[in-house]
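To start, the structure itself, in structure tokens.
Nothing in this text is a laboratory measurement; each read-out follows from the coordinates by a stated rule. Every value quoted in this text rests on a predicted model; they were computed, and no experiment measured them. FYI the Cβ positions are ideal-geometry reconstructions off the backbone, even for glycines, and counts take in every protein chain you see.
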Amino acid sequence: MEPNNNTGIQGANKMPGTGTSDIPQSAVRNPQSFVVLTGNPNSGKTTLFNALTGLRARVGNYAGVTVERKEGKLRGTPEGTDITILDLPGTYSLSPQSLDEQVARDVLFQRLPEVPAPALVVVVVDASNLERNLYFATQVIELGHPTFVALNMMDVAEQNGHLIDTDDLAKALGVPVFPLVASASQGLDELRRAIVQSVKGGTKRVLPRLFCELPEGFGREIDTLAQSLKKSFNQRQTSAHAEALLVLCDEKFLLGSAGYYSDEIKNAVAETRKRLEAAGVDWRSASIEARYARISAMQQAVTTDSGAGQETFSDRVDRIVTHKFWGMVVFIGIMALMFLTIFTVAKWPMDWMQSAVTWFGDKVGAMIPPGDLQSLLVKGVIQGVGAVVVFLPQICLLFLFIGLLEDTGYMARAAFLMDRLMSKVGLHGKSFIPMLSSFACAIPGIMATRTIETPKDRLVTILVAPLMSCSARLPVYALLIASVFPHRAVMASITMLSMYLLGIVVALLMAWLFKKTLLKGGTPMLVMELPPYKRPLVKTVMRHMWDRSKLFLQRAGTVILGICIILWFLATYPKHPEISQKFATEKASLEKSFGEKPTEEQKAQLSSLEIQESGEKLRQSFAGKMGRGLEPFIAPLGFDWKMGIGIISSFAAREVFVSTMSTVYNVADSDDKEAHTKALAQVLREQKKPDGTPVYTTLTSISLMVFYVLALQCVSTVAVVRRETNSWKWPVFQWVYMGVLAWVLAFVTYQGGRLLGLG
Amino acid sequence: MPGPVQPLSSLPLGAAATITEIKVPPEHRGRLLEMGLLTGTTVQLVRFAPMGDPVEIKVRGYNLTLRRNEAELIMVQPK
């Protein structure tokens, strides 16, 4: 069926709207040179985008949604030609199943005011998976934009024994086809030249047509509907027939286009469906079947099978990697390697950064006279922000691994292996890696949830991910365990392991509970492609890591800074001149007793005085007062007000608990972390209540650890959840529910333990 | 000699078959169809995941995973 050619699709270009997005409008100064890149997931679209734009892409979000918007300038264009390429999220069809796909569809239908009309659409098609890729490609061609097909992965197709005649394919599709191997930069120059030429010369719009032979009656219905659509949108740029087909055959199309279609159209669609049903036509599947019929014929006509290699390279790899036994061995091995690397390799740069932060703080401290400003900059900003930023190497490494897993194709296998486990609590296999990553740091984990299609499942994963014990909790556990089991390695290990297990169990239970109640929904359907394995491209992986890390710093940066300043204020004010005076007098008298050169012992006495002074000040500060104010609430958990100070201050990052406790208890800091932990643990053990019983009993310490396992004491996580959910509602909810959980379970631990006669 | 019609999930590993009917409810069927699983399409059961679910199949030259309960609703006739 060839619908009417006179579709009036040459409407005026829409001007860029006033939508608010992370990308400034100036990025698309000239809508005439705006090129959109689209295609199936795993078609090598991102690789092509990187190859075309180099390393100058801007990454942001579409207005109001957390869908990544990537834009870059086409590289290697002649002077004066400025072409912007927009990389749309990977899409299987124009009937969206996820937010990503919906955005892609809306851009192609020009429904987003912030995105101008494309001068050209480039559809990336995986040559080694031609049929399924052509499904989407033909849908896009039907829209009537000037369109190119970038036939990528020609090398893989050839290895698999499929030779494709690109000229024949171009004839069949009615648009230019460019054979490519984007990963090896083959065919890029031709494509680039053609893009420039097309944008400059204005490629003719594609002849409107549909790639499916519909039954007679069906075709007429589409014609009628297309006529009504033309009437209600006279400035249209996409083919009315293509739109009519989607509106009619996709149940969710009207739902997902709220406020877009008139009641007239909606009624017409409902009536048409009724008529088709009466005629025995399944309007849901008829067009899909007709399209695949056309594509199969097309594919057979343009492909010559050399018969080589029935079993592909990926098939052979998968025989081991998804094997019942060896698959699990490989999986556990990869995960173990990942964590081992993160904890060993990241340790070096983290130590350097720690020293750099200290050095920088000292330098700034020396430049500015002592006083509030010096204290704010050194103790508030540099040390506070530094405490968070030292985790950056770990975060970067995690992003690197996640990028590697994605780029090689292993990520889908991990979801395949773990799906059974996750579906038990109502989640998707894709939730596994984000949750696992959260053992190192919840931030990359939460940012990695973007691959989860269903918004509810993504949200549940975000809500429970921080329950996994991250590396910032490790120093807290280490200190508390050292204070109760100083010489019992076995008990220490069991306790540590129990804390990790507690986080896992609670996370799974909460995920299950959320799916049953608040975010009700069945276990999402799993229709997931296992893409062929490929060699990861350094550029793609590094870029992924860099983009993500940058986003984290931008997102969390301001919030972290703000919280650090607040925490500094709480720990510094109100000032108590009498404390400073008292210690000044003591120091002066001590210094007077020194000779020309103070002995080591005298120096130690002096620094001990200084430590006592800062401890005294902290105890008298707002933070100290808050700790005391908090005491009635945390006393049932076995905590005193000093631990309250620790809890408040660790909101910047949990490991700050250790340094705060060392100030509270007047323990000198030391470069040797292990020695410092030991010394502090010793001091904790020696703390006595007024009645002479120890403050840090085994039960209190365990209760405190339980609290740290469950409470969301991490400003960076809160900031990232705010950005990833686009509202304050969810991070606040998460903070409260985790806080309640922490309190209740610490209460049960402490009071239950006492009832059992422990502690 | 074509075998009896049976659910996709009960095919022997490695066996190829033709889809005869998709019993998945219409509102969930869309994506399956769009991924190329249609009546008359040839599919091959590749393997089950180590924990018994999901199932991996080959269709139109690529590999796809489905949960067992969806695969049970896809009726096939072995070739």
(request) Step through the table entries A:Lys515/B:Lys23; A:Lys73/B:Lys58; A:Lys520/B:Lys58; A:Lys347/A:Lys587; A:Lys171/A:Lys430, compare each Cα-Cα distance with 28 Å, and write down the pairs that go over it. (result) A:Lys73/B:Lys58; A:Lys520/B:Lys58; A:Lys347/A:Lys587; A:Lys171/A:Lys430
(request) Out of all DSSP beta bridges with both ends in the protein assembly as shown, state the antiparallel percent to the nearest 5. (result) 65 percent
(message) In whole Hz and in residue order, list the ³J(HN,Hα) couplings for segment A:517-529 that follow from phi through the Karplus curve 6.51 cos²θ - 1.76 cosθ + 1.60, θ = phi - 60°; x for Gly and Pro.
(response) 10, 4, 10, 4, x, x, 4, x, 5, 10, 10, 10, 7
(request) For segment A:410-494, calculate the relative contact order in percent as a whole number, restricting contacts to Cα pairs under 8 Å that are 6 or more residues apart. (result) 21 percent
(request) Go through segment A:411-420 residue by residue and turn each phi into a ³J(HN,Hα) via Karplus (6.51, -1.76, 1.60, θ = phi - 60°); whole Hz please, and just put x for glycine and proline. (result) 3, 5, 5, 4, 5, 4, 5, 9, 4, 4
(request) Mark the label point 7 Å from the Cα of A:Glu311 along Cα→Cβ and return the residues of segment B:39-66 whose backbone N is within less than 15 Å of it. (result) B:46-47
(request) Over the whole of A:417-424, what's the average partner chain Cβ count within 10 Å per residue? Rounded to a whole number, please. (result) 4
(request) First measure r as the distance between the Cβ atoms of A:Arg220 and A:Ala297, then evaluate 1/(1 + (r/R0)^6) with R0 = 25 Å and state the FRET efficiency to the nearest 0.05. (result) 0.60
(request) Give the calculated FRET efficiency between A:Ala279 and B:Ser10 to the nearest 0.05, with a Förster radius of 25 Å applied to their Cβ-Cβ distance. (result) 0.10
(request) With θ set to phi - 60°, apply the Karplus curve 6.51 cos²θ - 1.76 cosθ + 1.60 along segment A:446-459 and write out the HN-Hα couplings as whole Hz, x wherever there is a Gly or Pro. (result) 5, 5, 7, 6, 5, 7, 7, 5, 6, x, 5, 5, 5, 5
(request) Return the distance in nm (one decimal) between the two label points of a simple spin-label model at A:Thr358 and B:Gln77, each offset 7 Å from Cα along Cα→Cβ. (result) 7.7 nm
(request) Work out, step by step, the length gained on full extension between A:Arg58 and A:Lys673: first 0.36 nm times the residue separation, then minus their alpha carbon distance; give nm to one decimal. (result) 217.4 nm
(request) First select every other residue whose beta carbon is under 13 angstrom from the beta carbon of B:Pro7; then total the charges, Lys and Arg +1, Asp and Glu -1. (result) 0
(request) At 0.36 nm per residue, minus the direct Cα-Cα distance, what do A:Arg535 and A:Ser493 gain on full extension? Give it in nm, one decimal, please. (result) 11.2 nm
(message) If I take every Cα pair under 8 Å that is 6 or more residues apart in segment B:6-78, average their sequence separation and divide by the length, what percent do I get for the relative contact order?
(response) 45 percent
(request) Using only Cα atoms, find the angle between the long axis of helix A:698-710 and the longest principal axis of chain A, and express it within 0 to 90 degrees, rounded to the nearest 10. (result) 30 degrees
(request) Net charge near A:Ile579: determine it from the other residues with C-beta under 15 Å of the C-beta of A:Ile579, scoring Lys and Arg +1 and Asp and Glu -1. (result) +1
(request) Please determine, in degrees from 0 to 90 and to the nearest 10, the orientation of helix A:286-302 with respect to the longest principal axis defined by the Cα atoms of chain A, where the helix direction is its Cα long axis. (result) 80 degrees
(request) Specify the inter-centroid distance of segment A:526-589 and segment A:248-302, based on alpha-carbon positions, in whole Å. (result) 51 Å
(message) If I model a spin label at A:Tyr260 and A:Asp189 as a point 7 Å from the Cα along the Cα→Cβ vector, what separation in nanometres do I get?
(response) 4.1 nm
(message) Tell me whether segment A:666-759 comes out rounded, prolate or oblate; compute the Cα gyration tensor, take square roots of the eigenvalues as a ≥ b ≥ c, and use a/c under 1.5 as the rounded threshold.
(response) oblate
(message) Please give the Cα centre distance for segment A:677-745 versus segment A:125-179, rounded to the nearest Å.
(response) 56 Å
(request) Give me the distance between the Cα centres of segment A:631-676 and segment B:32-79, rounded to whole Å. (result) 55 Å
(request) Using 0.36 nm per residue of separation minus the Cα-Cα distance, give me the extension gain between A:Ser580 and A:Asp82 in nm, one decimal. (result) 172.9 nm
(message) Could you tell me the calculated FRET efficiency between A:Phe733 and A:Lys516, based on Cβ-Cβ distance and R0 = 22 angstrom, to the nearest 0.05?
(response) 0.85
(request) Tell me what chain A gives for mean residue ellipticity at 222 nm when only DSSP H runs of n ≥ 4 count, each as -39,500 (n - 2.57), the sum divided by the residue total, rounded to 500 deg cm²/dmol. (result) -19000 deg cm²/dmol
(request) Mind running the shape call on segment A:577-616? Use the C-alpha gyration tensor, a ≥ b ≥ c as the square roots of the eigenvalues: rounded below 1.5 for a/c, prolate if a/b tops b/c, oblate otherwise. (result) oblate
(request) Working from Cα positions, state the angle (0 to 90°, nearest 10) between the long axis of helix A:99-108 and the longest principal axis of chain A. (result) 40 degrees
